[in-house]
Amino acid sequence: MEQLLLKHTRAGQCLSFEEYRSTGGFAALVKVIRNWTPDEVQQSVIDSGLRGRGGAGFPTGRKWSFVPRDLTGPRYLICNCDEMEPGTYKDRVLLERNPHLLVEGMTLACYALGVQHAFIFVRSGYEQVAGNLRDAIAAAHRSGYLGKNILGGGFSLELDVHQSAGRYICGEETALINALEGKRANPRAKPPFPAVKGLWGQPTVVNNVETLANIPAIINDGPLLWKNRAATPEAAGTKLFCISGHVVNTDCFELPLGMTLGEIIDGPCGGMRPGSRFKACIPGGASTPYFTDAHRAVPMDFDPVAKAGSRLGTGGIVVFDHTTCMVAVTLNLIRFFARESCGWCTPCREGLPFVQHTLERIESGRGEARDIDILQEHVNMLNYAFCALAPGAMGPVDGLLNHFGDELREHISAGRCPLEGDYIC
Amino acid sequence: MIPALLKENLAQRIADAATNREAAVDVMKELQHHYGWLTDEALGEASVLLGLSSLQVEELATFYEMIYRRPVGRHVVHVCDSISCWAVGGDTLLKSLAQLLGIAPGSTTADGMITLLPCSCLGNCGEAPCMMIGEKQYGRLTPEAGAQIMSALRDDPPAGSTKKPPLV
Ligand SMILES: Cc1cc2nc3c(=O)[nH]c(=O)nc-3n(C[C@H](O)[C@H](O)[C@H](O)COP(=O)(O)O)c2cc1C
Ligand code: SF4
Ligand code: FES
């Protein structure tokens with residue numbers, strides 16, 4: 001299978017600047033600076049069909065096109081490397097192996113957008129990543145790929161690394177902008193959208209690490225060839241899937257977008273651990289509703305996964321075997337979201353702990369029949385919270401109600417967890 | 001009072017930033033590294049350096065998981081309690097460490113050496129169960145491996161640390 005992002009890289013090692021350059025690195029930047037207009041770069045990204053890898057899957061070229069062309073004054077690009085969604089570690093793997101790819105991708109994106117100052121927002125715990133990026137930026141500066149008048153083409157760019165101190169909400173793009181400004185990271189009201197009024201009130205694009213790391217390949221290969229690396233005609237490009245849970249190989253794999261769930265689990269993941277049978281999985285990070293055995297044939301691409309009732313999200317697949325209690329899984333996830341709620345709006349601040357306590361009661365055998373309606377009501381009502389954290393938090397609860405209603409009811413009628421013994425919560 | 005050199009470094013970091021406030025998290029982290037936790041004194045120093053009110057700094061300090069506004073031990077052990085770690089024994093790991101250290105998660109050993117804190121996903125889920133001590137990540141942990149790391153911590157104060165003796 002063709003690798004675009006992890007090509008030439010080795011686990012546990014960081015590609016040197018020279019290795020990157022000698023294997024075709026910065027060729028896209030040289031080509032663009034010499035011969036392309038910014039609009040041509042943007043058009044290529046639109047034609048490629050690249051969709052954002054940060055969770056929402058928004059078409060990247062379209063997002064860029066929302067930035068007003070005619071404004072004077074600075075505009076910004078922020079690379080989102082907050083990556084705190086449980087089950088997700090693809091950006092870390094990519095940047096521990098090849099930070100240069102992101103530097104080149106961001107430089108191309110900034111050229112297309114007319115940005116002269118861009119930031120990489122790195123979560124806490126990723127000190128290795130931040131260090132790699134600082135070294136890669138310094139090396140690119142020395143070779144004239146960053147800084148003033150890049151490759152003599154008249155375009156200038158500075159890249160800064162900003163390190164955070166740990167809070168999931170900082171990944172939400174408007175909260176991230178507040179965090180970067182040094183303010184408490186509560187989300188901002190939209191509109192105005194960041195593309196119009198973002199960092200320091202200026203037009204700002206926020207993109208995920210993996211999204212930006214795809215730009216060099218789109219330029220090098222051309223949008224059509226890049227797009228056709230996917231497994232289905234509808235999908236575009238490759239995707240980093242990061243796997244955890246009860247399979248044999250819990251690793252990060254670059255796979256064609258649109259491979260089916262079953263192909264991923266039986267192929268690169270090496271199947272279930274010995275003695276384990278597949279029960280369910282989280283298909284795309286902690287905020288996505290569960291998939292079951294019935295979903296093995298779903299192509300892991302944005303629209304097919306949405307049609308099947310979940311979200312591709314970040315591509316973080318967490319697999320659970322037959323001994324796992326899905327009420328306990330959901331409780332673990334809700335505890336995370338309740339703790340990480342930024343507290344700004346009441347439905348989320350009050351609602352998530354309430355859902356958590358309801359699940360705690362059910363799991364410990366003190367649930368009541370009406371609790372099921374209470375959970376369903378919260379799935380519906382938390383859609384009206386201020387930002388997407390609360391609806392995301394209810395994704396697993398939604399999956400629990402849709403696919404494991406029987407297991408949930410059994411907890412309530414038996415007055416205990418039917419799977420107790422294997423997992424304690 | 002912080003050493004003149006540290007003060008100079010922090011002033012330089014702030015001068016390099018796009019705005020003073022952009023450097024706030026870095027400044028808090030550096031001061032925390034110096035004092036061991038973000039003391040009231042450190043908070044005051046940060047606010048003077050950044051040109052913010054102490055309330056504005058407090059509002060940031062209390063927001064972040066890795067900024068400690070209360071005394072912690074010499075080493076802070078963050079054990080991931082999120083889903084991928086939980087699925088493969090993260091719970092057992094945390095409980096065994098708590099038992100070994102004789103403390104509840106969230107507290108510090110009587111000798112002030114180790115604070116045990118459950119934390120959110122460390123972004124290392126393929127290597128679950130995981131923990132982080134300082135800037136070092138540990139993965140694929142068993143209770144036995146965890147116990148070994150604890151005894152190594154007790155023998156080995158952090159290299160090059162300028163921290164005062166533990167405040168608890
Ligand atoms: C609570 C919350 C946390 C998020 N965390 C991240 C994150 O860690 N990394 C990321 O790229 N996007 C995250 N997002 C999505 C961002 O808001 C934004 O959509 C994304 O960075 C856009 O990049 P893309 O268009 O390249 O996908 C988060 C969203 C929410 C609501
Ligand atoms: S939904 Fe939750 S995280 Fe989002 S603004 Fe409201 S309280 Fe904050
Ligand atoms: S869930 Fe523990 S490191 Fe991600």
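Each reported figure results from applying straightforward, stated rules to the coordinates on display, with no laboratory input. Remember, predicted model here, so these are calculated numbers, not experimental data. With ideal geometry, Cβ positions are generated from the backbone for all residues, glycine too; neighbour counts draw on all protein chains shown.
Under 10 Å, Cα contacts only: if you run a Gaussian network model on chain A, which one of A:N98, A:N208, A:N380 comes out with the highest mean-square fluctuation? Looking only at A:N98, A:N208, A:N380, the largest GNM fluctuation is found for A:N380.
Taking other Cβ atoms within 10 Å as a rough exposure proxy, B:S84, A:S143, B:S47 sort from fewest to most as A:S143, B:S47, B:S84. For the range A:170-256, the extents of the C-alpha atoms along the principal axes are 41, 38, 20 Å, listed from largest to smallest. Under 5 Å between amide hydrogens, built in the peptide plane, is the criterion, and for B:C119 it picks out B:V79, B:C80, B:D81 among residues at least 5 positions away or on other chains. With a/c under 1.5 counting as rounded, go ahead and sort the range A:17-227 into rounded, prolate or oblate using the C-alpha gyration tensor (a ≥ b ≥ c being the square roots of the eigenvalues; past the cut-off, prolate if a/b is larger than b/c, else oblate). Rounded is the answer for the range A:17-227, as its axis ratio a/c remains below 1.5.
Highest GNM mean-square fluctuation among A:S341, A:S364, A:S310, for chain A modelled with Cα contacts below 10 Å: A:S364. Taking amide hydrogens as placed 1.01 Å from N in the peptide plane, the amide H of A:D321 sits under 5 Å from those of A:H246, A:K279, each at least 5 positions away in sequence or on another chain.
Rank by packing, highest mean first: peptides B:100-106, A:398-404, A:133-139, with packing defined as the count of other Cβ atoms within 10 Å averaged across residues.
A:398-404, A:133-139, B:100-106
For A:D221, A:D91, which order do you get if you count the other beta carbons within 10 Å of each Cβ and list the fewest first?
Lowest count first: A:D221, A:D91.
For A:K190, the lysines whose Cα comes closer than 18 Å to its Cα, not counting residues fewer than 8 places off in the same chain, are A:K63. Antiparallel as a % of all DSSP beta bridges within the protein assembly as shown, to the nearest 5? Among the beta bridges of the protein assembly as shown, antiparallel pairing accounts for roughly 45 percent. Of all DSSP beta bridges confined to the range A:17-227, the antiparallel ones make up roughly 10%. With helices as the sole contributors, chain A gives -12000 deg cm²/dmol at 222 nm; each DSSP H run of n ≥ 4 counts as -39500 (n - 2.57), and the sum is divided by every residue. Nearest 10 degrees, 0 to 90: what angle lies between the long axis of helix A:326-340 and the longest principal axis of chain A (Cα atoms)? Approximately 50 degrees, to the nearest ten. Other protein chain C-beta atoms within 10 Å of residue C-beta, averaged over A:279-290: 1. The HN-Hα couplings worked out from phi for the range A:12-20 by the Karplus form 6.51 cos²θ - 1.76 cosθ + 1.60 (θ = phi - 60°) are x, 10, 9, 4, 7, 4, 5, 4, 4 Hz, whole numbers, x standing for Gly and Pro. In terms of surrounding Cβ atoms within a 10 Å radius of their Cβ, A:C242, A:C387 rank from fewest to most as A:C387, A:C242.
In percent, rounded to a whole number, the relative contact order of chain A is 16, using alpha-carbon pairs under 8 Å and six or more apart. Candidate cross-link partners of A:K279 among the lysines, defined by an alpha-carbon separation under 29 Å and a same-chain spacing of 8 or more, comprise A:K90, A:K239, A:K307, B:K95. Axis of helix A:371-381 versus longest Cα principal axis of chain A: the two differ by about 20°, to the nearest ten degrees.
The 3J(HN,Hα) values that the Karplus relation (6.51, -1.76, 1.60; θ = phi - 60°) gives for the range A:404-409 are, in residue order, 10, x, 5, 4, 5, 5 Hz. Gly and Pro appear as x.
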